[in-house]
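The values are calculated or read from the model by the stated rules, or taken from the named source; none is laboratory data. Because the structure is a prediction, the values reported are computed rather than measured. Here the Cβ positions follow ideal geometry from the backbone for every residue, glycine too, while neighbour counts run over all protein chains shown.
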Amino acid sequence: MDAGTPSGWVTRWAHLIAPGASVLDVASGSGRHARWLAARGHAVLAVDRDADALASMSALPDIATLCADLEGAPWPLAGGRTFGAVVVTRYLHRPLFTHLIHALAPGGALIYETFAAGNQTVGKPSNPAFLLEPGELLEAVRGRLRVIAYEDGFVDAPHPAFVQRICAVLVPEPAKAGAIEDTTGNTPSGWPRYELTG
């Protein structure tokens, strides 16, 4: 996966993002996911501490940028702003888990992928502070989001790495009880359907 190619995990689960919904791209870097999502009709807020990386997106339509220190400063999106999806790849700062979940609008998807324990045997990062423990993403969302997909293992490509990834949604309140009011008349009321792919 080069710097411009979106993660296969993100592309696999992006269909769960409602058409036209806003997306928060956390630790976006130069915006491989922000660019890909904006090209698909989503308004994206790309957040990173690297002002130069963000500047490369400043003239792009449907992408707003926010230069912020996600680790040494307060959460930059205080005030209850929510998004149809939150995307995080190749980044881990555990104190953000609660903020990421609170940034989801009802029905919103958390699409998260980063390095996991074991990666120290094949390359960087190798510091345990930057490696998820087994099941850690599951525990982070337990009781708060509905898990649609989860993986914890080893990949050979694009380079050898131990990874952990999750796609989970904030189920709207009526759906938690099993009843969804259908205002379109096109589908029966019931449980939301999250199409599994790949």
I'm trying to understand the selection: among the residues of region 16-54, which are of a type in the set (S, T, N, Q) and within 19 Å of Ile166 (Cα to Cα)?
Ser28
On the given criteria, is Arg142 surrounded by fewer than 14 Cβ atoms within 10 Å (Cβ to Cβ), closer than 14 Å to Val169 by Cα and at pLDDT 95 or above?
yes
Just checking, does region 39-54 include any residue being touching a residue at least 40 places away in the same chain (Cβ under 8 Å) and over 18 Å from Ala168 (Cα atoms)?
yes
Going by the structure shown, is Gly118 at positive phi, touching a residue at least 40 places away in the same chain (Cβ under 8 Å) and more than 18 Å from the chain's Cα centre (by Cα)?
yes
Quick one: is Leu110 under 12 Å from the mean Cα position of the chain (by Cα), in a helix (DSSP H, G or I) and either at positive phi or aliphatic (A, V, I, L, M) (or both)?
no
Does region 79-91 contain at least one residue that is hydroxyl-bearing (Ser, Thr, Tyr), touching a Phe, Trp or Tyr at 6+ places or on another chain (Cβ under 9 Å) and not in a strand (DSSP E or B)?
yes
Does region 145-167 hold any residues that are buried (at least 17 other Cβ atoms within 10 Å of the Cβ) and either in contact with a Lys or Arg (Cβ under 6 Å, 6 or more places away or on another chain) or free of Cβ contacts under 8 Å to residues at least 12 places away in the same chain (or both), and which are they?
none
For region 120-133, which positions are surrounded by fewer than 17 Cβ atoms within 10 Å (Cβ to Cβ) and touching a strand residue (DSSP E or B) at 6+ places or on another chain (Cβ under 6 Å)?
Pro125
Taking region 88-119 as the search range and keeping residues that are of a type in the set (Ser, Thr, Tyr) and closer than 17 Å to Gln164 by Cα, which one is surrounded by the most Cβ atoms within 10 Å (Cβ to Cβ)?
Tyr112
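Conditions tested, residue by residue: (1) touching a Cys at 6+ places or on another chain (Cβ under 6 Å); (2) over 22 Å from Thr197 (Cβ atoms); (3) buried (at least 20 other Cβ atoms within 10 Å of the Cβ).
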| site | (1), (2), (3) |
| --- | --- |
| Gly4 | no, yes, no |
| Gly20 | no, no, no |
| Ala39 | no, no, no |
| Ala73 | no, yes, no |
| Ala78 | no, yes, no |
| Phe83 | no, no, yes |
